Amino acid sequence: MPIQRKYLLLTALWLTLLACSLTGISTPPPGSETPPLSQTIPASRASSTPAESIPSQVHPTATAEIASGDPCPQVYESMDAIMSSCPTTCELAWFDHDFDIVFDDAAGLPAYACQDGLDPDGGVNQRLAVYQALRAMAALSFDQPLPWTDLDLYAWLRNAIDGIRLTTTLVSYCCDPQNRIVLKADLLSQPSQAFWYDPQYGIGVANLVGLIVHEARHAEIGGHTCGHDDLTLDELGAWGVQYYYFTWLAEHTPAGVLTLVQIQAAQYDAQVALSRICNP
């Protein structure tokens, strides 16, 4: 079934609101700074929570295995399988080891909690959404290398930035003085952030990953080169790599990882990013 146009327009609006609008690598806006794939998870959200999932507010401590940089032995059959399950103890510790993940008190976010991929009260947990995005990035594989790096998506992100920070900011941007990308916290409270792609809203965690990719690219090459846009696709700027991320999702993921509707959404999101190239 074709994706309804009104939901596609919401995608473009979400990207515009959430993505940075600055022409260079940003410093925090005034006043915004606060003090310092083994086991297969079934795709159905109705399935039981995996044994290693953390359906509570207790945050695990990194283990010796994680301290060595070893990835967690998990295999997921689809993006929906990731979104319908909770991060394991190993995964949470792994991500906290690799990134300085900060949730500012000023944002007033609920404590981390997860049950079958959702907050136990059935709502969206912004902290969980960040970890789900990292799980997806770690799990994604493509049949061709990404155009801007020889690394896989997660390894590239780990090399590009030092952390992720959710706070009360007008726009998401790169980066704070600790080389953390800064995400607008309240936009991660949308119901769509509980799903890889939510047809009702036309967005999902797939778009959050796109935002993370966009902002992390700024840490490597600087700001936009054509106002708030990129001058060319060949320069592989923030909009360029966002375009290629969605294109690789649509065209280079293994069969079964995405549904047809999710592929169509990625194709559309690629075109939205391409429209931000002045001379494509």
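The values are calculated or read from the model by the stated rules, or taken from the named source; none is laboratory data. Keep in mind the model is a prediction, meaning the values are calculated, not measured. Counting neighbours? That spans all protein chains shown, and the Cβs are built from the backbone with ideal geometry, glycine included.
Taking the numbered list (1) at pLDDT 90 or above; (2) under 20 Å from the mean Cα position of the chain (by Cα) in turn, residue 105 passes all entries but (2). Look through region 172-185, keep the residues that are in contact with a strand residue (DSSP E or B) (Cβ under 9 Å, 6 or more places away or on another chain) and surrounded by fewer than 17 Cβ atoms within 10 Å (Cβ to Cβ), and return whichever of them is nearest to residue 221 (Cα to Cα). The selected residue is 179. Would you mind stating whether residue 235 is out of contact with any helix residue (DSSP H, G or I) (no Cβ under 6 Å at 6 or more places or on another chain), surrounded by fewer than 22 Cβ atoms within 10 Å (Cβ to Cβ), among the acidic types (Asp, Glu) and at pLDDT 95 or above? The answer is yes for residue 235.
Kindly indicate whether residue 130 is part of a strand (DSSP E or B) and either over 17 Å from residue 98 (Cα atoms) or touching a strand residue (DSSP E or B) at 6+ places or on another chain (Cβ under 9 Å) (or both). Here the answer is no, as residue 130 does not meet what is asked. Is it true that some residue in region 244-265 is under 19 Å from residue 209 (Cβ atoms), over 16 Å from the mean Cα position of the chain (by Cα), charged (D, E, K, R) and at pLDDT 95 or above? Looking for residues that are under 19 Å from residue 209 (Cβ atoms), over 16 Å from the mean Cα position of the chain (by Cα), charged (D, E, K, R) and at pLDDT 95 or above, one finds at least one in region 244-265, hence yes. Scanning region 259-280 for residues that are within 17 Å of residue 143 (Cα to Cα) and in contact with a Leu (Cβ under 7 Å, 6 or more places away or on another chain) yields one hit, 266. Which number in (1) over 13 Å from the mean Cα position of the chain (by Cα); (2) over 26 Å from residue 80 (Cβ atoms) marks the one condition that residue 163 misses? All conditions are met except number (1). Of the residues 124, 75, 130, the single one that is hydrophobic (A, V, I, L, M, F, W, C) and at pLDDT 95 or above is 130.
Criterion first (in a loop (DSSP other than H, G, I, E, B), touching a helix residue (DSSP H, G or I) at 6+ places or on another chain (Cβ under 9 Å), at pLDDT below 95 and β-branched (Val, Ile, Thr)) does residue 149 satisfy it? It is false that residue 149 is in a loop (DSSP other than H, G, I, E, B), touching a helix residue (DSSP H, G or I) at 6+ places or on another chain (Cβ under 9 Å), at pLDDT below 95 and β-branched (Val, Ile, Thr). Condition first: surrounded by fewer than 18 Cβ atoms within 10 Å (Cβ to Cβ), in a strand (DSSP E or B) and out of contact with any His (no Cβ under 7 Å at 6 or more places or on another chain). Can you find one or more residues in region 253-276 that meet it? Looking through region 253-276, none of the residues is surrounded by fewer than 18 Cβ atoms within 10 Å (Cβ to Cβ), in a strand (DSSP E or B) and out of contact with any His (no Cβ under 7 Å at 6 or more places or on another chain).
Restricting region 141-171 to residues that are of a type in the set (Gly, Ala, Ser) and farther than 14 Å from residue 130 by Cα, which is surrounded by the most Cβ atoms within 10 Å (Cβ to Cβ)? By that ranking, first place goes to 160.
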